[in-house]
Amino acid sequence: MRRMQRLPSLRSAIGILMLFFMALVPCTISAQATGGLRGSVLDPSSAVIPGATITLTKGGEVRKTTSGSDGVYTLRDLEPGSYRIAVTAPGFVLPPNAMVAIASGHTRQLNLTLSIAVEQENVQVSGQSSGVSLSPDENSGAIILKGDDLDALSDDPDELQNELQALAGPAAGPNGGQIYIDGFTGGQLPPKSSIREIRVNQNPFSAEFDSIGYGRVEILTKPGSDKFSGHIASLGVDSALNTNNALVPNTPEYHLYFLQSDVTGPLTKHSSYFISIFGMRRQVQNIIDATDPSNVATQLLATNPNPSSILDINPRIDFQIGANNTFSIRDAFHRNVASGNGVGNLNLASQALNAINYENALQISDTIVVNPHLINETHFQWRRIRNSQYAVVTTPTQTVQGAFTTGGNYAGTNTDHQDVMELQNYSTATAGKHTIRFGARLRSYRDANVTTSGENGQYNFQNTSQYEACLPSPNPGCAPDQYQAVVIRNSLARALLFDAALFYQDDWRVKPGLTFSYGVRYEGQNRIRDHADFAPRLAVAWAPHFDSKKPPKTVLRAGYGWFYSRFTMPGQLGSGTGTPYVIQTIHQNGVNQQSYVINDLQPQPGGYDLDASLPASTLQSYPGSTPAIDTIDPHFHAALNMQGGVGIDRTLWKNTTANVTYLFTRGVHQYFTNVVTAPAFDVDTYTITGPPPTVYNNQFQSGGIFNESQITATFGTHYKKLGINANYAFSDAKSNTSGVTYVPSVAQNPGLDYGRASFSIHNRLFLLATYTAPHGITIAPLLAAQSGTPYNITIGDDLTGNNQYNARPTYGTCGTPDVVSTPFGCLDENPAGKNERMIPYNVGTGPVNVAFHMRISKSIGIGPHIKTQTGGPNMQAGGGALSGNQQQIKLDASVPRRYNLTFIAGALNVFNIDNRGTPNGTLKSPLFGQSVTLASGPFGMPSPGNRVVFLQALFSF
């Protein structure tokens, strides 16, 4: 009841703020005495033209500006009257003697559609701004990829996502960066052929976005075209062309191939369509590198098939409704079927899961030019998600800490149905020196989940010796360290969650060389005690020695903002939403399902059959049996990240810019899971001093913190034949949590784990380039490198009484019993009562990772010559970025013919570098200190091969 009583106050606050924002716009506008001009520079097909020079002339007064990377231009502080307008852009012309009238107190919205210069046959359009800018949307730390710049990126959606996150650099904190697709978070990454433009780290302190701006990726999909055209592409990977996996001596055969096609064209005079179909099949192998359970003195190196198939269908229709209204409908259907999931590393073949996932996302967008100084955008999305998986083997799970996991998969059978709805209404107003953006967002999540997870039970062992005593099973000498299982009374859990946000953002051009941006967000959600939060944002851009006659060479920037990570926020791409944590508390509430934990099992005359579950009817009566529940802290607060930064943008030479930025982020109310009923523990003597609990309460809490310093540097150069985007990031972070599922090693003192954060990778480098070589050959290299990832050292035993195997060793005396000599010093794996110092958290550092990829393409023209390239329909209502119409992307180098056939050859990890994952950190494991996994992210391969060669063909018409 208390939760429901708070909702009216939240709705009242939202209503008051909306009235305030709507009232503020006309007041701001009426205060201006001068006028302004704003719009987009477009070619005949409505593709934007960046870098165009716009000149206004009235008598002896001359004003100039340049269109940005999105084609948008703005001229402010214009005296009322009639101006002659001229536009200069390579290959385009504006009809002569064009005039425009500027009224007092109004900023006029005017899109400038240019004609193609008749002497030009092949028009080259650059996708980047040529210098630094005072606009918040044109910070040179941002990267905008379109056209040929996309060539160096992978066509595999999973690999593409890894590369985009690496290109964006590390976001502060444990949650990583966020990816937006046409303004929405979550969902499935569209095929690269459907992507029109990618924006990275643009306007990082804008109040429009809920997530931290550094590490943010925005993907815009293609609209329809007024000309019929399309592509058909295929790609193949075969093990015969690749090198062996670095973990296994003989990699079995595997393959990967996909077929993609898209077509676009007009429906009517004022509408067009675009549809893309993408299908991919993988027959790959998961690599097992574990201790052999049949002979624990040996290491098991094996492979297990992991076939999968993906089908994506992405249709879109764009309409021009009248002169001031642009309407679009987009649907994204995704199906993923896989078998053999869950196997690999320490998980043996019996851990296999089969899964089938469906997702359908319907998006509707409407952009209206209300008047010359106000544009309104409405966006709606409905995601329908249907996921199911089941364990192939249903016997109890058998886990030896840091050595192997065999038996059935503890996840059991899981069916999950989600419906996620999101409504956005955003407005943009121009008022003299102010560009104002404000709006609201509403999201709801309905989740229905059925699961048998944990019903099969799990036997846990500290070490291989304890496991050997149970073989052959059953064995009278068997004494597992722990058994846990779930008694299911109701397998269904339902939840309805929602959150809401309002924002207001004002970019104020104080004077020609100074822009001040300020804004605020107001956010709220249900299911946690903290229902409402304010998130202020501030930013300033200053150009020293500003000269209005030419673009600035140097811009100094500073910003500060609060960013909340909502507990119900959508998950990363392909992972559904954040509702599983709430669903988990409904399942594990002690009524619907009851978990039991039995520690220190004693030998029985007949032994324990590891392939049989303990009877559910007698779980409660077993000696030492303790129930377990999951809850949410009644004082739970949304995680808050407070980030500030200063940086400098600099034009080094023509078409080349660089940026260096320092960021400091402090995170409070960070999420973790704590066993709040764990017994008291004395850190000095390393002994449990309290009585055992009557119930294990695994509680989601928000008491974590982190502090992170980052230095980022970006470099970008774009010439006719060469484009380079590079970024470097240094990070130093300390934290006492690595995310919502992290469990502190000592329940009463989470601060004991404050140390090197798992996301504190000191150095990261990413470089993306495209070069048009002679004879129409395009070369696109990609380089990614990073220093080692921190990892934790644990004993492999629950010595702190928190029902977890995450106790850390202490520094012991070399040569004494239970003390192991390691590269980290002499570590005591049995420190109870010895008054030794515990080792720091994340004391280990993984290996360095480097990957170099290369794509080479050659296009052959077929058919008659053509003179122009076309883009979206002639929809100029919103103009530029507001209406979403951009240049149609060519996937690879093209030639001026009606048909193009492009051949592409490429290799991932060209130099065959052995990129290993973080080493095994369990001290009692026979694999301790070994890297038994390969690196993930941009350093991992889409197949078991270490160097992967692919061949691709593309037909354009």
> With r defined as the distance between the Cβ atoms of Ser617 and Tyr358 and R0 fixed at 45 Å, what FRET efficiency is calculated, to the nearest 0.05?
Replying inline: 0.75
>> If the only charges are +1 at each Lys and Arg Cβ and -1 at each Asp and Glu Cβ, what is the size of the charge dipole of the chain around the Cα centre, to the nearest 20 debye?
In response: 3320 debye
>> If every alpha-carbon in region 474-594 counts as one equal scatterer, what log10 I(q)/I(0) does Debye give at q = 0.23 1/Å?
In response: -1.23
> For Lys734, which aspartates and glutamates qualify as cross-link partners when the Cα separation must be under 15 Å and same-chain residues fewer than eight apart are set aside?
Replying inline: Glu708, Asp753
> Taking Lys834 as the anchor, which aspartates and glutamates have their alpha carbon closer than 13 Å to its alpha carbon, excluding any fewer than eight residues away along the same chain?
Replying inline: Asp682, Asp684, Asp818
>> Please compare each pair in Lys511/Lys720; Lys511/Lys654; Lys146/Lys269; Lys222/Lys858; Lys58/Lys511; Lys222/Lys549 to a cut-off of 31 Å on the Cα-Cα distance and tell me which ones are over it.
In response: Lys511/Lys720; Lys222/Lys549
> In what order do His718, His635, His417 fall by count of nearby beta-carbon atoms within 10 Å, going from fewest to most?
Replying inline: His635, His417, His718
>> Taking the number of other C-beta atoms within 10 Å as the exposure measure, put Ser294, Ser272 in order starting with the fewest.
In response: Ser294, Ser272
> Between Gln699 and residues 5 or more places away or on another chain, which pairs have amide H atoms under 5 Å apart, with H built 1.01 Å from N, and which residues are they?
Replying inline: Thr631, Asn674, Val675, Val676
>> Can you compute log10 of I(q)/I(0) for region 137-220 with the Debye formula, treating each Cα as one identical point scatterer, at q = 0.18 Å⁻¹?
In response: -0.71
> How much length, in nm to one decimal, is gained on full extension between Asn589 and Leu514, taken as 0.36 nm per residue of separation minus their Cα-Cα distance?
Replying inline: 21.4 nm
> How long is the gain from Gln604 to Tyr811 if the chain were fully straight, where each residue apart is worth 0.36 nm and the alpha carbon distance is subtracted?
Replying inline: 70.8 nm
> Each residue of region 440-455 in order: what ³J(HN,Hα) in whole Hz does its phi give by Karplus 6.51 cos²θ - 1.76 cosθ + 1.60, θ = phi - 60°, with x for Gly and Pro?
Replying inline: 9, 9, 10, 9, 9, 9, 10, 10, 10, 10, 10, 8, 10, 4, x, 5
> Cα axis of helix 2-30 to longest principal axis of the chain: angle in degrees, 0 to 90, nearest 10?
Replying inline: 20 degrees
>> Place a point 7 Å from Cα of Thr378 in the direction of its Cβ. Which residues in region 406-433 have their backbone N less than 13 Å from it?
In response: 423-427
>> Among Ile711, Gly739, Thr268, which residue has its Cα furthest toward the positive end of the charge dipole of the chain, with +1 on Lys/Arg Cβ and -1 on Asp/Glu Cβ?
In response: Thr268
> Given a cut-off of 56 Å, what percent of all Cα-Cα pairs of the chain lie beyond it?
Replying inline: 16 percent
>> Check which residues have an amide H placed less than 5 Å from Gly844's amide H, if you skip close sequence neighbours.
In response: Tyr791, Ile793
> Using every alpha carbon pair in region 589-714, what percent of pairs falls into each 10 Å bin from 0 up to the bin containing the largest distance?
Replying inline: 10, 22, 22, 17, 12, 9, 6, 2, 0
> Each residue of region 797-807 in turn: what ³J(HN,Hα) in whole Hz from Karplus with 6.51, -1.76, 1.60 and θ = phi - 60°, glycine and Pro shown as x?
Replying inline: 8, 8, 9, 9, x, 9, 6, 10, 9, 10, 5
> In the chain, with Lys and Arg counted as +1 and Asp and Glu as -1 at Cβ, which of these residues, Ala171, Gly513, Gln202, has the Cα nearest the positive end of the dipole, that is, farthest along it?
Replying inline: Gly513
> Residue farthest toward the positive end of the dipole of the chain, with Cβ of Lys/Arg at +1 and Asp/Glu at -1: which of Val93, Leu556, Asn306?
Replying inline: Val93
>> List the residues, sorted by chain then number, that are 5 or more residues from His637 or on another chain and whose placed amide H is less than 5 Å from its amide H.
In response: Ser702
> Residue-wise, which Karplus ³J(HN,Hα) couplings in Hz belong to region 676-682, taking 6.51 cos²θ - 1.76 cosθ + 1.60, θ = phi - 60°, and x for glycine or proline?
Replying inline: 6, 9, 4, x, 4, 9, 9
> Got a sec? How would Val487, Val62 order by Cβ neighbour count within 10 Å, fewest to most?
Replying inline: Val62, Val487
> So if R0 is 25 Å, what FRET efficiency would Thr689 and Arg529 give, r being the distance between their Cβ atoms, rounded to the nearest 0.05?
Replying inline: 0.20
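Taken together, the values in this text are just the output of simple stated rules run on the coordinates, not laboratory data. Just so it is clear, the structure is predicted and the values come from calculations on it, not from any experiment. Cβ: placed from backbone, ideal geometry, glycine included. Neighbour counts: every protein chain shown.
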